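What follows is a single structure, written as structure tokens, with notes after it.
The values are calculated or read from the model by the stated rules, or taken from the named source; none is laboratory data. Predicted model, so just to flag it, every value in this text is computed and none were measured. Cβ sites come from the backbone with ideal geometry, for glycine too, and all protein chains shown count toward neighbours.
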Amino acid sequence: MSEHGESKEVSSLKRRLNREKQARLQAESLLTEKSEALFRALQESQSTEKRLKLALWAAQETLWEWDASSDRISIRAFSLHDVKETIIESDPFSLLTYIHEDDIHYLQFQWALVLHCEQEHLEVSFRYRHKAEYLWMRLRGRVLERNAFGSATRIVGTTRDITLEREAEQSFHLMASAFASSREPMLVLSAGFTVTECNNAFLSMLNLREKSECFGWPLSMLLADADEHTDRLNEHPIRFETRLKVTSKKQLTVDVSLAKFETRYQKKPYIIATIRDVSERKLNETRLKQMALYDPLTGLFNRNGLNDVLKHYLQGNSDFSLLFVDLDGFKLINDGAGHESGDRCLKEVAKVMEVAPAINKVVTRWGGDEFIIILPGSKPETAVNFAHAIITAIEGLTLETQDSDLALSASIGIASYPYHGTTAERLIQNADAAMYLAKGRGKGQISVYEDGLWESVKAKVSLLSDLRKAINQEALEFYVQGKYDLHGVLKGGELLCRWHSSLHGNVPPDVFIPLAEENKLDFHIGLLSLHRACEYLKELDAERELVQLAVNISVNQLLDPLFPSQAAAICREHNISPALIEVELTESIFIQDAERAIEALSLLRNKGFSLAMDDFGSGFSALSYLRMFSFTTVKLDRSLLKDIHYDQKALALFQGIIAMLKRLEIQTVAEGVELSEYLPILRDAGVDLLQGYYFDKPSPFREFLIKLPTRVYD
Ligand code: C2E
Ligand code: CA
Ligand code: CA
């Protein structure tokens, strides 16, 4: 066969081959097309799945699917931290063991509705145990397939952990109920400070019936100066006190707190206002302030109040006077008539002082029975006139008590600004010192401060407290000075008190005895001297010849109705006869109340004591006293002796007095015998006993004792 002459078979084979080639090419390209389409479809479906997974991951949803044929649930969970999904397969029953028992029934019920009752959707929340705690889960599902009987065969859905939402919800409910039930009135305000919500406490504070009544009210309508404060509100809460307008007439003092809150859910911040009614506390505060400044008994300013007043006048820098008023004998009223009378007395005195004439004055109670009056614009002279008016007004009062009507009186000390001090402390202290001086002069006296007065009063006060201590500790000593007859024979002695203070040295009796008398300490000294006299007599009795010893007793003590029996009791206690003791007293005993004096002296004499009038010739020396009461002894004051050795007049007077006393059969003692020149004169005049430095000075008892002859026993 030739090339051109190929057979029919070959050419038909070639054609077939070509056709088949074509067909294969077509098939291949179709296959490629299909493959590409398939690939694209596959890719598309994968990216949908990816997108789905991403969406589920972002929403933190877990995908689940239940299939009836296997009765298994497959769960595909997406963790937040991991893009990989976890796939769990489980049967529904084992999953149920993780559900909180309170939630199981509801879940099962809902599942049954979807499974058998044509309910297509499932949505239920329950607690799911995860490790040691329960998480709140929300489960959603949808039926995909049902069988011929209508039962679901395939359900798919998602679950989600909603614990955080639940907690937020709960805390919101909690806060809301706290807001509603709080006893503190509270408001929720808009950013523009208008009321959007309120609680019941607020309603009742404003007497409103419905919440809606106050919605939309601006805060400035409620609070007096709201705008001033709301301007200050920023991130930090603020708190202030203001007035709440309850009605047009009624306002309350309130304590307001404002706090701004911003939430993710709201476009604008809102403000919580807490409005606390503090009007009662305010009232109490004012009351306390009143109490702090005023004296409850008299209603006058107390010390605190006075300090405020003084501060004011000191700042004013113009003249004013300070009067320190102290009632006389108040202790007697208080102790004798009782505290109720004492209080009444203070109230009445406060009243008369307040109405006393002075245009401008401030009366205050300093404490006890002491008052301080401030007289603005007054110099010392005008203050003295006012002080007189005050004393007259107080003396015009009588205090009626059960037993008697008591007369009142006061002593006043004055210090004026700026002359007597420029500070409150100094002025009070100086007026007090002046008052002390006035008191010393008797009742109803006035004294104006002078330079150095305070220092001397202070020294006196310090001396007094030291004396008190010495008396309490029985640190006072009693020296003895002898009494001699005309032959120089020791016939008796006088006890004289001595005080050595570690602070003030040897204090002379002329200083401390009057101080003791002013402060009623003389009673102690009198009794102490009696005790010592008895003790000394005891010693004498044991060793020497017995002589009479004299004690000095102050007038007040002698007038004390208890004294005679006290004195007698002391003698009894020491087993000493009162006849061995001579009581020396001064004539001033007759000045106050002669009748009472005679009564007291008679009582003492009846107890067996000898009585001597001391210092005769130094004061009034009214001879009538000698007629009123018959003394055993009169002691002639040393001023009578003075110069008798060359002054004829002095001698005549002295001799006359002695002659008179002799006629009255009264024993005479000459005091202050210093010179030998006196001796012949005293002998001629017939004086019985002599006492003075010529013989001896007061000395400790032992020195006195050894001068006496030893006792001769029969
Ligand atoms: P008095 O009772 O007149 O006592 C006599 C005073 O004269 C004593 O002073 C004594 O030391 C002093 N004296 C004695 N002889 C002379 C003398 O020759 N020349 C001078 N210049 N003085 C002489 P004293 O001890 O300082 O007492 C002074 C006053 O104090 C006493 O005067 C008496 O009133 C009072 N006193 C002393 N002790 C007591 C006491 O225990 N109780 C009371 N209530 N008063 C007493
Ligand atoms: Ca005396
Ligand atoms: Ca005397």
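Do we find that residue 169 is surrounded by fewer than 16 Cβ atoms within 10 Å (Cβ to Cβ) and either touching a His at 6+ places or on another chain (Cβ under 8 Å) or in the same structural domain as residue 259 (by TED's automatic domain parsing) (or both) in this structure? Write out each step before concluding.
On the way: surrounded by fewer than 16 Cβ atoms within 10 Å (Cβ to Cβ): yes; either touching a His at 6+ places or on another chain (Cβ under 8 Å) or in the same structural domain as residue 259 (by TED's automatic domain parsing) (or both): no.
Spelling it out, it is not the case that residue 169 is surrounded by fewer than 16 Cβ atoms within 10 Å (Cβ to Cβ) and either touching a His at 6+ places or on another chain (Cβ under 8 Å) or in the same structural domain as residue 259 (by TED's automatic domain parsing) (or both).
If you check residue 176 against the conditions, is it under 44 Å from the mean Cα position of the chain (by Cα), outside the structural domain of residue 274 (by TED's automatic domain parsing) and surrounded by 11 or more Cβ atoms within 10 Å (Cβ to Cβ)?
Numbers: under 44 Å from the mean Cα position of the chain (by Cα): yes; outside the structural domain of residue 274 (by TED's automatic domain parsing): yes; surrounded by 11 or more Cβ atoms within 10 Å (Cβ to Cβ): yes.
In short, yes.
Checking residue 267 against (1) assigned by TED's automatic domain parsing to the domain that holds residue 422; (2) exposed (fewer than 12 other Cβ atoms within 10 Å of the Cβ), which single condition isn't satisfied?
All conditions are met except number (1).
Restricting the search to the stretch 123-149, which residues are within 15 Å of residue 96 (Cβ to Cβ) and either buried (at least 16 other Cβ atoms within 10 Å of the Cβ) or hydrophobic (A, V, I, L, M, F, W, C) (or both)?
Within the stretch 123-149, 124, 126, 127, 128, 134, 137, 139 qualify.
Can you name every residue in the stretch 512-527 that is away from ligand 2 (no atom under 16 Å from the Cβ), surrounded by fewer than 20 Cβ atoms within 10 Å (Cβ to Cβ) and not acidic (Asp, Glu)? Before you say what the answer is, go through the steps one by one.
Looking only at the stretch 512-527, we keep the residues that are away from ligand 2 (no atom under 16 Å from the Cβ), and these are 515, 518-521, 523-524, 527.
If we keep only those that are surrounded by fewer than 20 Cβ atoms within 10 Å (Cβ to Cβ) too, we end up with 515, 518-520, 523-524, 527.
Across the stretch 512-527, the qualifying residues are 515, 519, 520, 523, 524, 527.
Scan the stretch 658-677 for residues that are among the β-branched types (Val, Ile, Thr) and within 15 Å of ligand 2 (Cβ to nearest atom) and jot them down. Walk me through how you get there before you give the answer.
Initial filter on the stretch 658-677 (among the β-branched types (Val, Ile, Thr)): 658, 666, 668-669, 673.
The answer is 668, 669, 673.
Rundown of residues vs (1) outside the structural domain of residue 326 (by TED's automatic domain parsing); (2) farther than 20 Å from residue 332 by Cβ, yes/no style:
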{"site": "413", "(1), (2)": "no, yes"}
{"site": "421", "(1), (2)": "no, yes"}
{"site": "426", "(1), (2)": "no, yes"}
{"site": "440", "(1), (2)": "no, no"}
{"site": "460", "(1), (2)": "yes, yes"}
{"site": "474", "(1), (2)": "yes, yes"}
{"site": "483", "(1), (2)": "yes, yes"}
{"site": "486", "(1), (2)": "yes, yes"}
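Among the residues of the stretch 225-234, is there at least one that is loosely packed, with under 15 Cβ neighbours inside 10 Å and of a type in the set (Ser, Thr, Tyr)?
Within the stretch 225-234, none of the residues are loosely packed, with under 15 Cβ neighbours inside 10 Å and of a type in the set (Ser, Thr, Tyr).
Restrict the check to the stretch 642-655 and report whether at least one residue is within 16 Å of ligand 3 (Cβ to nearest atom) and either among the hydroxyl-bearing types (Ser, Thr, Tyr) or within 16 Å of residue 553 (Cα to Cα) (or both).
As a first pass, look at the stretch 642-655 and keep what is within 16 Å of ligand 3 (Cβ to nearest atom): 642, 654.
Pick out the ones that are also either among the hydroxyl-bearing types (Ser, Thr, Tyr) or within 16 Å of residue 553 (Cα to Cα) (or both) and you get none.
For the stretch 642-655, residues within 16 Å of ligand 3 (Cβ to nearest atom) and either among the hydroxyl-bearing types (Ser, Thr, Tyr) or within 16 Å of residue 553 (Cα to Cα) (or both): absent.
Can you tell me which residue among 581, 570 is closer than 14 Å to residue 632 by Cα, touching a residue at least 24 places away in the same chain (Cβ under 8 Å) and within 15 Å of ligand 1 (Cβ to nearest atom)? Before the answer, list the steps.
Values: 570 fails: closer than 14 Å to residue 632 by Cα.
Answer to the selection: 581.
Looking at the stretch 552-662, what helices (runs of 4 or more DSSP H) fall wholly within it and have at least 3 residues that are under 23 Å from residue 520 (Cβ atoms)? So that I can check it myself, show each step before the final result.
Values: elements: 555-559, 563-574, 589-592, 594-606, 624-628, 638-641.
In the stretch 552-662, 555-559, 563-574, 589-592, 594-606 are the helices (runs of 4 or more DSSP H) which contain 3 or more residues that are under 23 Å from residue 520 (Cβ atoms).
Based on this model, can you work out whether residue 609 counts as buried (at least 21 other Cβ atoms within 10 Å of the Cβ) and either modelled with pLDDT of 95 or more or within 12 Å of ligand 1 (Cβ to nearest atom) (or both)?
On the way: buried (at least 21 other Cβ atoms within 10 Å of the Cβ): yes; either modelled with pLDDT of 95 or more or within 12 Å of ligand 1 (Cβ to nearest atom) (or both): yes.
Yes; evaluated as a whole, the condition is true for this residue.
For the stretch 443-460, which positions are exposed (fewer than 13 other Cβ atoms within 10 Å of the Cβ) and on the phi < 0 side of the Ramachandran plot?
Matches in the stretch 443-460: 451, 455, 459.
Only one of 542, 567, 533 is of a type in the set (Gly, Ala, Ser), at pLDDT below 95 and within 27 Å of residue 484 (Cβ to Cβ). Can you tell me which? Walk me through how you get there before you give the answer.
On the way: 567 fails: at pLDDT below 95; 533 fails: at pLDDT below 95.
Unique residue meeting the criteria: 542.
Among 295, 335, 369, which is the only one that is buried (at least 18 other Cβ atoms within 10 Å of the Cβ), without any contact (Cβ under 8 Å) to a residue 60 or more places away in the chain and among the charged types (D, E, K, R)? Walk me through how you get there before you give the answer.
Details: 295 fails: without any contact (Cβ under 8 Å) to a residue 60 or more places away in the chain; 335 fails: buried (at least 18 other Cβ atoms within 10 Å of the Cβ).
Residue meeting the stated conditions: 369.
It is to be established whether one or more residues within the stretch 667-683 are of a type outside the set (D, E, K, R), part of a loop (DSSP other than H, G, I, E, B) and under 20 Å from residue 623 (Cβ atoms). Spell out the reasoning first.
Keep residues of the stretch 667-683 that are of a type outside the set (D, E, K, R), which gives 667-670, 672-673, 675-676, 678-682.
Filter once more, so that each one left must be part of a loop (DSSP other than H, G, I, E, B): 672-673, 675-676.
So of that shortlist, the ones also under 20 Å from residue 623 (Cβ atoms) come out as none.
No, every residue in the stretch 667-683 fails to be of a type outside the set (D, E, K, R), part of a loop (DSSP other than H, G, I, E, B) and under 20 Å from residue 623 (Cβ atoms).
Looking at the structure I just gave you, is residue 113 modelled with pLDDT of 90 or more and either part of a strand (DSSP E or B) or in contact with a His (Cβ under 6 Å, 6 or more places away or on another chain) (or both)? Reasoning before the result, please.
Details: modelled with pLDDT of 90 or more: yes; either part of a strand (DSSP E or B) or in contact with a His (Cβ under 6 Å, 6 or more places away or on another chain) (or both): no.
Against the criterion (modelled with pLDDT of 90 or more and either part of a strand (DSSP E or B) or in contact with a His (Cβ under 6 Å, 6 or more places away or on another chain) (or both)), residue 113 does not qualify.
Across the stretch 667-714, which residue is nearest to residue 626 (Cα to Cα) among those that are small (Gly, Ala, Ser) and either more than 60 Å from the chain's Cα centre (by Cα) or within 16 Å of ligand 3 (Cβ to nearest atom) (or both)? First the steps, then the outcome.
Of all residues in the stretch 667-714, those small (Gly, Ala, Ser) come to 670, 672, 676, 685-686, 692, 699.
With the extra rule that they be either more than 60 Å from the chain's Cα centre (by Cα) or within 16 Å of ligand 3 (Cβ to nearest atom) (or both), the set shrinks to 670, 672, 676, 685-686, 692.
Values: 670: 17, 672: 22, 676: 30, 685: 20, 686: 19, 692: 24 Å.
Residue satisfying both the conditions and the ranking: 670.
Just the residues that are assigned to a helix (DSSP H, G or I) and under 16 Å from residue 257 (Cβ atoms), please, taken from the stretch 200-232. Show your work before the answer.
Of the stretch 200-232, the ones assigned to a helix (DSSP H, G or I) are 200-205, 211-213, 219-222, 226-230.
If the condition is that a residue be assigned to a helix (DSSP H, G or I) and under 16 Å from residue 257 (Cβ atoms), then 201, 202, 205, 219, 222, 226, 228, 229, 230 are the ones that fit.
So which residues in the stretch 612-631 are among the hydroxyl-bearing types (Ser, Thr, Tyr), at pLDDT 80 or above and within 16 Å of ligand 3 (Cβ to nearest atom)?
618, 625
If only one of 341, 318 is assigned to a helix (DSSP H, G or I), assigned by TED's automatic domain parsing to the domain that holds residue 381 and of a type in the set (Gly, Ala, Ser), which one is it?
Working: 318 fails: assigned to a helix (DSSP H, G or I).
The conditions single out 341.
Looking only at residues that are in a loop (DSSP other than H, G, I, E, B) and in contact with a strand residue (DSSP E or B) (Cβ under 7 Å, 6 or more places away or on another chain) in the stretch 698-714, which one is farthest from residue 655 (Cα to Cα)? Even if it seems obvious, please write down each step before you answer.
Initially, the stretch 698-714 is screened for residues in a loop (DSSP other than H, G, I, E, B), giving 698, 700, 706-709, 711-714.
Checking the rest, the ones that are also in contact with a strand residue (DSSP E or B) (Cβ under 7 Å, 6 or more places away or on another chain) come to 698, 700, 707-709, 711.
Details: 698: 27, 700: 33, 707: 30, 708: 30, 709: 32, 711: 36 Å.
Here the answer is 711.
Which residues, taken from the stretch 554-566, are within 16 Å of ligand 1 (Cβ to nearest atom) and touching a Leu at 6+ places or on another chain (Cβ under 6 Å)?
Filtering the stretch 554-566 down to residues within 16 Å of ligand 1 (Cβ to nearest atom) leaves 554-560, 563, 566.
Within the stretch 554-566, 558 is the sole residue that qualifies.
For residue 635, are the conditions met, namely being assigned by TED's automatic domain parsing to the domain that holds residue 680, touching a residue at least 12 places away in the same chain (Cβ under 8 Å) and closer than 18 Å to residue 664 by Cα? Walk me through how you get there before you give the answer.
Working: assigned by TED's automatic domain parsing to the domain that holds residue 680: yes; touching a residue at least 12 places away in the same chain (Cβ under 8 Å): yes; closer than 18 Å to residue 664 by Cα: yes.
Yes: the conditions hold for residue 635.
Residues of the stretch 612-630 being surrounded by 14 or more Cβ atoms within 10 Å (Cβ to Cβ) and within 15 Å of ligand 1 (Cβ to nearest atom), which ones?
Within the stretch 612-630, 612, 613, 614, 615, 616, 617, 618, 621 qualify.
Identify the residue in the stretch 575-596 that is within 16 Å of ligand 2 (Cβ to nearest atom) and charged (D, E, K, R) and, among all such residues, is surrounded by the fewest Cβ atoms within 10 Å (Cβ to Cβ). Full working, then the answer.
Taking the stretch 575-596 and keeping what is within 16 Å of ligand 2 (Cβ to nearest atom), we get 581-589.
Those still in the list that are charged (D, E, K, R) too: 582, 584, 587.
Details: 582: 24, 584: 19, 587: 21.
The selected residue is 584.
In this structure, is residue 406 in a strand (DSSP E or B) and either buried (at least 17 other Cβ atoms within 10 Å of the Cβ) or not assigned by TED's automatic domain parsing to the domain that holds residue 326 (or both)? Break it down stepwise before answering.
On the way: in a strand (DSSP E or B): yes; either buried (at least 17 other Cβ atoms within 10 Å of the Cβ) or not assigned by TED's automatic domain parsing to the domain that holds residue 326 (or both): yes.
Answer is yes for this residue.
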